[in-house]
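The values are calculated or read from the model by the stated rules, or taken from the named source; none is laboratory data. A quick note: this is a predicted structure, and the numbers were derived from the prediction, not measured. Note that each Cβ is placed from the backbone with ideal geometry, even for glycine, and that neighbours are counted across all protein chains shown. Ligands, DNA and RNA are excluded from the accessible area calculation, which covers all protein heavy atoms including side chains. Shrake-Rupley method; radii C 1.70, N 1.55, O 1.52, S 1.80 Å.
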Amino acid sequence: MPRLNPLILGGGLVLALAACSSGAADNGSAAPAGSYPPGTPTITAKDIAFTQKEVDAPADKSFTLLFENDDGAPHNVAIVRDGSSPAFTGEVITGPREVAYSVPALAPGTYTFRCDVHPDMTGTLVVR
């Protein structure tokens, strides 16, 4: 019986594992949610509404914003100040799915967060 080359077997295993991995591209605006410390700002979409009406975030430094879409509908989180252009726009995701947005540093103040797909979905982000 012929002996199999271990390098060929190992390479085949690597190819098989790669074929089983997700083919979704990451555009840099969202990453799969993982373990984050208590108090990490979190926003949840459920029944075409945000369950949090007010969320706190740290001022003057970038932060992680966890977004949980518990709907089968597409949603995102966009952060705007005084109705002007967005300070941050998160990737639209279809749920149920969780992502971790990387939000750039925001100045202290009160911002509105909204879903760009469903403009009636809004809340307040207090940055302090």
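Beta carbons closer than 9 Å, at least 6 apart along the sequence or on distinct chains, pair a first residue in the stretch 49-75 that is basic (K, R) with a second that is in a strand (DSSP E or B) and open to solvent by 20 Å² or more (accessible area, probe 1.4 Å) for K53/T122; K53/T124.
To keep it simple, each residue is scored yes or no on (1) among the aliphatic types (A, V, I, L, M); (2) closer than 20 Å to S62 by Cβ.
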| position | (1), (2) |
| --- | --- |
| D82 | no, no |
| F88 | no, yes |
| I93 | yes, no |
| P104 | no, yes |
| P119 | no, no |
| V126 | yes, yes |
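Check every one of the strands (runs of 3 or more DSSP E) wholly within the stretch 70-112 and list those with 3 or more residues that are farther than 14 Å from G123 by Cβ. Give the steps one after another, and end with the answer.
Numbers: elements: 78-80, 86-89, 97-103.
In the stretch 70-112, 86-89, 97-103 are the strands (runs of 3 or more DSSP E) which contain 3 or more residues that are farther than 14 Å from G123 by Cβ.
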